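Engineer: Supplied in structure tokens, the structure appears directly below.
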Amino acid sequence: MISMIPITSAGSWCDVNRNNSMFNPKYKISPKLLENIKRISVLVAELNGRSFARAVLAKFERKANEISAHASTSIEGNPLPLGEVKRIIKSRPEHIRDTEREVLNYNKALEELNARFNQGGVKLDLNLILKIQEQIVDGLIAPFNLGKLRQGAVVVNDPIARKIIYIPPDHKDVARLMDDLLFFIGKNKNKVDSLVLAGVFHKQFVVIHPFMDGNGRTARLATKILLADLGIDTFNLFSFENYYNNNVGKYFGFVGERGDYYDIKDKIDYTPWLEYFTDGIIDELIRVGEELKNSAITPENILSDAQKIILNHIKENGYINDKIYSGLVKRSKPSRVNDFNKLIRLGLIERVGKGKATIYKEK
């Protein structure tokens, strides 16, 4: 469950004690931001309180990966439509164009992150960030820029006006600024709401622009790691990049800055971005929640009240057996066997032991 922000009340400025860190983001816990955090907490609790068949979850994870790979590369200008992205991810052709490589690289990095989440969590550090960047731009830029902080100047252009709109910090300051950002995240992990930390990280990463290429895609994948701290059991079913891709101009308007970094660095207000960022999380939670609900309503996946009793007992006590179950419901032996078998078939529980020693546990 996400924790509420303990620092200030709505509308007051937050000044997080950073000790040795030079990064001190300026934002307000505005009424809108506070309301968004509360709503997200409710939506997460609702999702975590529901059970879904393993087949349904696997289907949604594949769909989320496809949407994320399409949306995050599309934000950066990749022209491939979602249907083509799905085909490429499924077929993984041997001879590919750069646009196809972008999609496959992003999908590979995302799949590896999901696998690590499933094994018990991921720690966000500079080495992981460097690896993510190396994966998503592999084969697309010069090898000496893979997995390394930039050693040269970059600028951000307005593609429509065709002029420079933002000058990131000098490359000599990038390593220090990344250290400051990661120090801030680590120090405040249990003090500041996970949503705020993830949002601040995302924007400041874009402000620093630590790589020669792949900054946006790396920022979005790294932000997923922090969002996992929300406690969403079905985290890998979500694609918050999709919200940004629905209005790319709006996304860049909130996450980006204009001017010279050294002129604006102490004036950046993270509040509007945090409000927009949490709007996107709400939008995605609602979308996935509705789709999961609709997918779960099938004769095979609907659980009876008796079968829900099995799951609730296991959740509260760690296991159940037939003797315990027979004391909780008035059902015949064959019906009880069918109940256990259906839950096993749906991937919700597993059978452990044999004969009278048989127990059922969450899978």
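The values are calculated or read from the model by the stated rules, or taken from the named source; none is laboratory data. None of the values given here were measured: they were computed from a predicted structure. Methodologically, a virtual Cβ is constructed for each residue, glycine included, from the backbone with ideal geometry; neighbour enumeration extends over all protein chains shown.
Engineer: Residues that are within 30 Å of ALA71 (Cβ to Cβ) and modelled with pLDDT under 90: find the helices (runs of 4 or more DSSP H) completely inside the range 257-363 holding 2 or more of those.
Structural biologist: Values: elements: 261-264, 271-296, 305-317, 322-328, 333-345.
Fully inside the range 257-363 and qualifying: 271-296.
Engineer: Would you tally the residues in the range 175-222 being over 29 Å from ASP138 (Cα atoms) and acidic (Asp, Glu)?
Structural biologist: Within the range 175-222, residues that are over 29 Å from ASP138 (Cα atoms) and acidic (Asp, Glu) number 1.
Engineer: Yes or no: the range 273-288 includes at least one residue that is of a type in the set (Phe, Trp, Tyr), farther than 28 Å from PHE52 by Cα and over 28 Å from the mean Cα position of the chain (by Cα). Write out each step before concluding.
Structural biologist: We begin by selecting, within the range 273-288, every residue of a type in the set (Phe, Trp, Tyr); these are 273, 276-277.
With the extra rule that they be farther than 28 Å from PHE52 by Cα, the set shrinks to 273, 276.
Right, trim to over 28 Å from the mean Cα position of the chain (by Cα) and you get none.
No, the range 273-288 has no match at all.
Engineer: In the range 52-82, which residue that is among the hydrophobic types (A, V, I, L, M, F, W, C) and modelled with pLDDT of 85 or more is surrounded by the fewest Cβ atoms within 10 Å (Cβ to Cβ)? Can you show your working first?
Structural biologist: Within the range 52-82, the subset among the hydrophobic types (A, V, I, L, M, F, W, C) is 52-53, 55-58, 60, 64, 67, 69, 71, 75, 80, 82.
Remaining after also requiring modelled with pLDDT of 85 or more: 64, 67, 69, 71, 75, 80, 82.
Values: ALA64: 23, ILE67: 20, ALA69: 30, ALA71: 23, ILE75: 18, LEU80: 19, LEU82: 15.
Checked the range 52-82; the qualifying residue surrounded by the fewest Cβ atoms within 10 Å (Cβ to Cβ) is LEU82.
Engineer: Which count do you get for residues in the range 107-122 that are under 13 Å from LYS224 (Cα atoms) and touching a residue at least 12 places away in the same chain (Cβ under 8 Å)?
Structural biologist: Number satisfying all stated conditions: 9.
Engineer: Follow-up. For the range 69-86, how many residues meet the condition of being in a helix (DSSP H, G or I), in contact with a helix residue (DSSP H, G or I) (Cβ under 8 Å, 6 or more places away or on another chain) and over 15 Å from PRO159 (Cα atoms)? Give the steps one after another, and end with the answer.
Structural biologist: Residues of the range 69-86 in a helix (DSSP H, G or I): 69-75, 82-86.
Still in the list and also in contact with a helix residue (DSSP H, G or I) (Cβ under 8 Å, 6 or more places away or on another chain): 69-75, 82, 85-86.
Narrowing the set further to residues that are over 15 Å from PRO159 (Cα atoms) leaves 69-73, 82, 85-86.
Summing the residues that are in a helix (DSSP H, G or I), in contact with a helix residue (DSSP H, G or I) (Cβ under 8 Å, 6 or more places away or on another chain) and over 15 Å from PRO159 (Cα atoms) in the range 69-86 gives 8.
Engineer: Residues GLU316, GLU290: which one is without any contact (Cβ under 8 Å) to a residue 12 or more places away in the chain and under 15 Å from LEU57 (Cα atoms)? Lay out the reasoning, then the answer.
Structural biologist: On the way: GLU316 fails: under 15 Å from LEU57 (Cα atoms).
Only one candidate qualifies: GLU290.
Engineer: On the given criteria, is PRO25 surrounded by 13 or more Cβ atoms within 10 Å (Cβ to Cβ) and at pLDDT 90 or above?
Structural biologist: Values: surrounded by 13 or more Cβ atoms within 10 Å (Cβ to Cβ): yes; at pLDDT 90 or above: yes.
It is true that PRO25 is surrounded by 13 or more Cβ atoms within 10 Å (Cβ to Cβ) and at pLDDT 90 or above.
Engineer: Moving to a separate point now. Search the range 77-94 for residues that are in the same structural domain as GLY249 (by TED's automatic domain parsing) and of a type outside the set (A, V, I, L, M, F, W, C) and pair each with any residue that is assigned to a helix (DSSP H, G or I) and modelled with pLDDT under 95 when their beta-carbon atoms are under 7 Å apart and the residues are at least 6 apart or on different chains.
Structural biologist: LYS86/GLU66
Engineer: Select, from ASN157, ASN245, the only residue that is in contact with a Lys or Arg (Cβ under 8 Å, 6 or more places away or on another chain), at pLDDT below 95 and in the same structural domain as ARG62 (by TED's automatic domain parsing). Break it down into steps so the answer makes sense when it comes.
Structural biologist: Numbers: ASN245 fails: in contact with a Lys or Arg (Cβ under 8 Å, 6 or more places away or on another chain).
Just one listed residue meets the conditions, ASN157.
Engineer: When you scan the range 28-50, how many residues do you find that are in a loop (DSSP other than H, G, I, E, B) and crowded, with 20+ Cβ neighbours inside 10 Å? Reasoning before the result, please.
Structural biologist: At the first step, the residues of the range 28-50 found to be in a loop (DSSP other than H, G, I, E, B) are 29-30, 49-50.
Checking which are crowded, with 20+ Cβ neighbours inside 10 Å leaves us with 29.
Of the residues in that region, 1 qualify.
Engineer: May I ask you to list pairs of residues, at least six apart or on different chains, whose Cβ atoms are under 8 Å apart, with the first in the range 37-60 being aromatic (Phe, Trp, Tyr) and the second being part of a loop (DSSP other than H, G, I, E, B)?
Structural biologist: PHE52/THR234; PHE52/ASN301; PHE60/THR234
Engineer: Right, another one. Please determine whether any residue of the range 314-322 is among the β-branched types (Val, Ile, Thr), touching an Asp or Glu at 6+ places or on another chain (Cβ under 8 Å) and within 23 Å of PHE52 (Cβ to Cβ). Give the derivation first.
Structural biologist: Going residue by residue through the range 314-322, those that are among the β-branched types (Val, Ile, Thr) are 314, 320.
Now drop any that are not touching an Asp or Glu at 6+ places or on another chain (Cβ under 8 Å), which leaves 314.
Restricting the remaining residues to those that are within 23 Å of PHE52 (Cβ to Cβ) gives 314.
Yes, the range 314-322 contains a residue that is among the β-branched types (Val, Ile, Thr), touching an Asp or Glu at 6+ places or on another chain (Cβ under 8 Å) and within 23 Å of PHE52 (Cβ to Cβ).
Engineer: I would also like to ask the following. Is it the case that some residue within the range 156-169 is more than 23 Å from GLY199 (Cα to Cα) and of a type in the set (Lys, Arg)?
Structural biologist: yes
Engineer: Residues in the range 257-278: is at least one under 20 Å from ASN114 (Cα atoms) and touching a residue at least 24 places away in the same chain (Cβ under 8 Å)? Explain how you work it out, then say what you get.
Structural biologist: Kept after step one, since they are under 20 Å from ASN114 (Cα atoms), are these residues of the range 257-278: none.
Within the range 257-278, none of the residues are under 20 Å from ASN114 (Cα atoms) and touching a residue at least 24 places away in the same chain (Cβ under 8 Å).
Engineer: If you scan the range 340-358, which residues turn out to be surrounded by 16 or more Cβ atoms within 10 Å (Cβ to Cβ) and among the β-branched types (Val, Ile, Thr)?
Structural biologist: Answer for the range 340-358, where residues must be surrounded by 16 or more Cβ atoms within 10 Å (Cβ to Cβ) and among the β-branched types (Val, Ile, Thr): just ILE349.
Engineer: Of the numbered conditions (1) in contact with an Asp or Glu (Cβ under 8 Å, 6 or more places away or on another chain); (2) closer than 15 Å to ILE67 by Cα, ASN246 fails exactly one; give the number of that condition.
Structural biologist: With respect to (1) in contact with an Asp or Glu (Cβ under 8 Å, 6 or more places away or on another chain); (2) closer than 15 Å to ILE67 by Cα, ASN246 is out only on (1).
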